[in-house]
Amino acid sequence: MQANMTDDPFESFTEVSIQTMLTLMFIGFILRLNKTLYAYIQVTTAILVCANIISLFAVPVLIWLTVSEDLLSYYTFGLLFIWEFTVIAYIFRTILSINIAASLALSVFYFTVSYLGAFAIGQMLT
């Protein structure tokens, strides 16, 4: 999906690789701070699998958005983003035993670090 969004497949591969590494490091750092590093594989698997399944639902919506630019496609894409955001927050809330507000804040921080961080690093490299 990322390769179709840019003209350069190398840039797409680099950005996805950076995003994956930032995700792995972020999860490890948060679990280390909480002294729950024993759950690293389970949490990493849960986050990556849930994010990829929700992204699979986003593919037809992106096609619909590109072809028709219908307002409903934008709303649907926004709902998918909110869904992924809340699933990630739920995973953090469950494993870290924190309240909902803290898990939502941590989820925002996760998205900022992994997606915008990967984009920023990818722009600096190219």
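We did not get these values from a lab; they are worked out from the coordinates using the rules stated. From a predicted model like this one, the values you see are computed outputs, not experimental measurements.
Numerical summary
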{"item": "Over the range 1-98, volume per residue of the alpha carbon convex hull, in Å³", "result": "92 Å³"}
{"item": "For the range 42-126, alpha-carbon Rg over 2.2 N^0.38 Å", "result": "1.23"}
{"item": "Length added when fully stretched, residue 42-residue 70, from 0.36 nm per residue minus Cα-Cα", "result": "6.2 nm"}
{"item": "Computed over the range 38-126: relative contact order in percent, which uses C-alpha pairs under 8 Å that are six or more apart", "result": "23 percent"}
